[in-house]
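The values are calculated or read from the model by the stated rules, or taken from the named source; none is laboratory data. The shown structure was predicted, so the numbers you read here are calculated from the model rather than taken from an experiment. Methodologically, a virtual Cβ is constructed for each residue, glycine included, from the backbone with ideal geometry; neighbour enumeration extends over all protein chains shown.
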Amino acid sequence: MATLQKIRNRAGLLIIVVGVALLAFIIGDGLRSGSSILQNNKNVALNIDGEKVKFEDYQQLLSDRTEQYEQQGKLTERDRVEIGNQLAQELIAIHAIEQEAETIGLKVTPAEVSALVFGEGLPASPLAIQFFSQIGAGDPQQIRQLLNQLDINNIKTLPADQQGMMLKVRSKWIETEKQIHTQRLSEKLNALLTRSYAINSLDEKYTTGLGSRTVAVVRTPSTILPNDQITVTDQQVKEYYESHKQAYAIPYEQAKVNYFSVQIRPSEADYAKAKADVDSARIQLLAATDPAKVVRNYDNGNAYEMYFTDQDLEQYLATIPNAMTLLREGAIGSVNEPVIVNDSYKLIKLVDRKQAPEGVKVNVIALDSINAPKADSLIAAIQSGTATVAQVAATYSMDERTKANGGYVVIPDNYTGMPDSTLSESQLFGMGLDTLVNTPINQFVKIEAPSGTILARRTEPTASVNHYKIAELTVPVTFSEKTFQAAHTKVNEIFLSEKSFDQMLDDAQAAGLSVIRGEYINSTMPELATVPNSREVVRWAFNSKANKVSDKIFNCGSNDYLVVAQVEKKYPAGYLPLEQVSDRVRDIVLMEQRGDKLASTLAGKQLKSLESYATEMQSSVDTLYNISFVTSPSTPSALVGKAMTTTIGQLSAPFRAGTEVVVVQPISENVDATVTQPSPAATAQKRRSYGQQMAGRALEELFRQTSFKDTRYRVL
């Protein structure tokens, strides 16, 4: 799930706006359970600065994108919530950019969008390239033909069974066109902000090099002063919180919840049954001449047609003891002895072993319907040497990716992520090029595809290595209905006790269940901290009032967690409550007061040398080089300021710098005397660099200041 990982890493809202495709999550049962809310006209998912996004519109937008994304793999509940949160952020960012652009008169004309679609006058938009490459349209003529086919009047003339498919493609294209428009608008606004930055005289001085200093320093953690010498009052904590409140801003509703839960684990009888099942499966696999007939009866069972190399399998089978040894040295037909790993048994059967090149390079030339009749003559030209693959690909191929690589298929390496043009047999199968496996090296084959004809061949084989054909199946250790009912009864006895929830929590703790008191959540969270796949509990909490106890036992995780919850308190969107962050604030206040007191105590000693301070501070004298006003962020700003402003040779007073107390004594200053005037080129470069930084900050601030209310939790 590499795409989702990129989403979780989030490179900033600007990136979301200018290129990342919208993704979505399935609403599922939540929509049905929220029907009463919709009937009460509370059907607004997002209210962005007065502009309302209705649930049905939001759902349609998400559904259009989910279909394509889910083809890459199954989404977890956490994935869906994270994707939905990013979609909400993107909608907010788009609204902010469009409103700001309208205010300053910035526009994107239809002609610009057309140029970005066809790559005429402007480089083609990556969004357009991606869309059209998926459906086999490569050049402007093909794109125009496709867009004519997507005209609504043309679709109405098609047979009924084709209209549905074409309407889906049309819907996706309309959304892609909107994204192209927004991306262009964002680029224009970013460029305008970048160019608006001007270099002032102080900035200009930096281009000449203000110089750097070599500084002798003594530094020590303020923790050498015991905590019991500092008293932090509740009033001081409150005052710090109020004066730094923006640091605790959060635009989502919050709640404080209590809950008890149990994770259902297999019993001894369940483990015994799984062992008996896997032993039976192993006997069947050993005896089977056609392993497919055995493995198809098991979840995740597979009898592969392709062969795998050691590199293909080593990481995949790393947790299965002796699996690779069996493949390398075992007899054909061998099956590993089952060993339980992560509550499951995996059986591997060695169906066959062979020697073959570890990898090959692959040439692909994708011909559209116009050029498909030339396939044989193009192959002949390549084989005779009158034309190269790169020349034919550049002239005739409609696949921009292979055309750019001289006709070679290039994909990211599975381990490093770097571009790699050497493919294994299993990768050829995965790409639908399995026909090549039994084709001689350098011999082209023609593969007919809906969009045209593909010419493909294997070339440049590497050294031969072992290849393995395997069958596999997994027998999980799962809890039985009897085990489930025993756990459910245990929770239910507490749940139905008619005691206060505090008493329920005490009883649950005494019974050995997990008890959580005072967990803070916000409406965008995918789950409770200790319970996977518990979005249902989060959604319930924000649809409930304070002091409400759930009226049912929630079934979470992979149906292996039972949860009973209470909403203790609700908080409006705005700021994290002081009670939630008071410990963090108290630590900050303690650190500052402790540092200030230690610095004051040391200053009162009026010591005359760094060595004397080093003794008092239980530290040593160190030397820092190349300290300047543009020192890296890892150097505390207070240390930089004192180092650059204290007179050379003079001892500074002790001061607090972050979590340390420091004394500095500048030794020397290094200035390039040959530079007297700023370089125009350096000034221009600095302006561009600062301008880009300021533009990014300005857009982030624009997004942050856009008011919105997120009520997706009512259903999602």
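Among the listed residues Arg328, Arg353, identify the single one that is touching a helix residue (DSSP H, G or I) at 6+ places or on another chain (Cβ under 8 Å) and either free of Cβ contacts under 8 Å to residues at least 60 places away in the same chain or more than 23 Å from Met431 (Cα to Cα) (or both).
On the way: Arg353 fails: either free of Cβ contacts under 8 Å to residues at least 60 places away in the same chain or more than 23 Å from Met431 (Cα to Cα) (or both).
Unique residue meeting the criteria: Arg328.
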Cβ-Cβ below 6 Å, separation at least six or inter-chain, first residue in region 579-599 and farther than 19 Å from Lys238 by Cβ and of a type in the set (Gly, Ala, Ser), second part of a helix (DSSP H, G or I) and at pLDDT below 95: which pairs? Gly595/Ser222
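Only residues that are surrounded by 10 or more Cβ atoms within 10 Å (Cβ to Cβ) and in a helix (DSSP H, G or I): list them for region 226-241, please. If you could, list the steps in order and put the result at the bottom.
The initial filter retains those residues of region 226-241 that are surrounded by 10 or more Cβ atoms within 10 Å (Cβ to Cβ), namely 227, 229-230, 232-234, 236-241.
Residues satisfying the conditions are Asn227, Gln229, Asp234, Gln236, Val237, Lys238, Glu239, Tyr240, Tyr241.
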Six or more apart or on different chains, Cβ under 6 Å: which pairs go from a residue in region 615-639 that's within 22 Å of Ser668 (Cβ to Cβ) to one that's part of a loop (DSSP other than H, G, I, E, B)? Could you list them? Pro636/Gly658
So, in region 454-483, how many residues would count as being assigned to a strand (DSSP E or B), hydroxyl-bearing (Ser, Thr, Tyr) and more than 24 Å from Glu305 (Cβ to Cβ)? 0
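Only one of these is of a type in the set (Asp, Glu) and buried (at least 18 other Cβ atoms within 10 Å of the Cβ): Asp560, Asp583, Asp622. Name it. Reasoning before the result, please.
Numbers: Asp583 fails: buried (at least 18 other Cβ atoms within 10 Å of the Cβ); Asp622 fails: buried (at least 18 other Cβ atoms within 10 Å of the Cβ).
Going through Asp560, Asp583, Asp622 in turn, just one is of a type in the set (Asp, Glu) and buried (at least 18 other Cβ atoms within 10 Å of the Cβ): Asp560.
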I need the strands (runs of 3 or more DSSP E) fully contained in region 484-585, keeping only those with at least 1 residues that are touching a Phe, Trp or Tyr at 6+ places or on another chain (Cβ under 6 Å) and modelled with pLDDT of 95 or more. 514-522, 561-571
If we ask which residues in region 436-479 are in contact with a helix residue (DSSP H, G or I) (Cβ under 8 Å, 6 or more places away or on another chain) and closer than 30 Å to Val294 by Cα, their number turns out to be 15
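Hey, among Ile97, Ile83, which residue is under 17 Å from Leu185 (Cβ atoms) and buried (at least 18 other Cβ atoms within 10 Å of the Cβ)? If you could, list the steps in order and put the result at the bottom.
Working: Ile83 fails: under 17 Å from Leu185 (Cβ atoms).
Being under 17 Å from Leu185 (Cβ atoms) and buried (at least 18 other Cβ atoms within 10 Å of the Cβ) holds for just one of Ile97, Ile83, which is Ile97.
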When you look at Thr439, is it at pLDDT 90 or above, outside the structural domain of Gln311 (by TED's automatic domain parsing) and within 25 Å of Ser369 (Cα to Cα), yes or no? yes
If you check every pair at least six apart or on different chains, which have Cβ atoms under 6 Å apart with a residue in region 71-93 that is over 25 Å from Arg704 (Cβ atoms) first and a residue that is charged (D, E, K, R) and in a helix (DSSP H, G or I) second? Glu77/Arg535
Does region 403-410 include one or more residues that are aromatic (Phe, Trp, Tyr), farther than 20 Å from Ser426 by Cα and under 38 Å from the mean Cα position of the chain (by Cα)? no
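Would you be able to tell me the number of residues in region 298-314 that are in contact (Cβ under 8 Å) with a residue 60 or more places away in the chain, surrounded by fewer than 17 Cβ atoms within 10 Å (Cβ to Cβ) and either under 21 Å from Glu337 (Cβ atoms) or of a type in the set (D, E, K, R) (or both)? First the steps, then the outcome.
Start the filter on region 298-314 by keeping residues that are in contact (Cβ under 8 Å) with a residue 60 or more places away in the chain, which leaves 298-313.
Pick out the ones that are also surrounded by fewer than 17 Cβ atoms within 10 Å (Cβ to Cβ) and you get 299-300, 302, 305, 310-311.
With the extra rule that they be either under 21 Å from Glu337 (Cβ atoms) or of a type in the set (D, E, K, R) (or both), the set shrinks to 299-300, 302, 305, 310.
Qualifying residue count, region 298-314: 5.
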Of the residues that sit in region 600-614 and are in contact (Cβ under 8 Å) with a residue 60 or more places away in the chain and over 24 Å from Thr231 (Cα atoms), which one is surrounded by the most Cβ atoms within 10 Å (Cβ to Cβ)? Tyr613
Which of the numbered conditions does Leu146 fail, given that it passes all the others? Conditions: (1) within 25 Å of Gln99 (Cα to Cα); (2) more than 27 Å from the chain's Cα centre (by Cα). (1)
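Just for region 451-478: of the residues that are among the charged types (D, E, K, R) and within 30 Å of Lys374 (Cβ to Cβ), which one is surrounded by the fewest Cβ atoms within 10 Å (Cβ to Cβ)? Before you say what the answer is, go through the steps one by one.
Of the residues in region 451-478, the ones among the charged types (D, E, K, R) are 457-458, 460, 469, 472.
Those still in the list that are within 30 Å of Lys374 (Cβ to Cβ) too: 457-458, 460.
On the way: Arg457: 24, Arg458: 24, Glu460: 15.
Per the criteria, the residue is Glu460.
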Answer residue from region 327-340, given it is surrounded by 12 or more Cβ atoms within 10 Å (Cβ to Cβ) and of a type in the set (Val, Ile, Thr) and is nearest to Asp310 (Cα to Cα) among those: Val335
Does region 142-150 contain at least one residue that is surrounded by 14 or more Cβ atoms within 10 Å (Cβ to Cβ) and touching a residue at least 60 places away in the same chain (Cβ under 8 Å)? yes
I'd like to verify a number: residues in region 395-418 that are at pLDDT 80 or above and either touching a Cys at 6+ places or on another chain (Cβ under 9 Å) or not polar (S, T, N, Q) (or both), how many? 15
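Any residue at all in region 179-201 that is part of a helix (DSSP H, G or I), modelled with pLDDT under 85 and exposed (fewer than 15 other Cβ atoms within 10 Å of the Cβ)?
Just the residues of region 179-201 that are part of a helix (DSSP H, G or I), to begin with: 179-195, 201.
Next, from what is left, pick out any that are modelled with pLDDT under 85: 201.
If we keep only those that are exposed (fewer than 15 other Cβ atoms within 10 Å of the Cβ) too, we end up with 201.
The answer is yes; a qualifying residue exists.
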Take Tyr345 and decide whether it is farther than 29 Å from Pro476 by Cβ, hydroxyl-bearing (Ser, Thr, Tyr) and crowded, with 19+ Cβ neighbours inside 10 Å. no
Those residues of region 543-557 that are surrounded by 12 or more Cβ atoms within 10 Å (Cβ to Cβ) and in contact with a strand residue (DSSP E or B) (Cβ under 8 Å, 6 or more places away or on another chain) come to a total of 10
Conditions (1) outside the structural domain of Tyr396 (by TED's automatic domain parsing); (2) on the phi > 0 side of the Ramachandran plot -> Ile470 fails only (2)
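Hey, does region 206-216 have a residue that's at pLDDT 90 or above, within 28 Å of the chain's Cα centre (by Cα) and either surrounded by 13 or more Cβ atoms within 10 Å (Cβ to Cβ) or part of a helix (DSSP H, G or I) (or both)?
Among the residues of region 206-216, not one is at pLDDT 90 or above, within 28 Å of the chain's Cα centre (by Cα) and either surrounded by 13 or more Cβ atoms within 10 Å (Cβ to Cβ) or part of a helix (DSSP H, G or I) (or both), which makes the answer no.
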Within region 503-523, which residues are in contact with a helix residue (DSSP H, G or I) (Cβ under 7 Å, 6 or more places away or on another chain) and within 21 Å of Leu578 (Cβ to Cβ)? Arg517, Tyr520, Ile521, Ser523
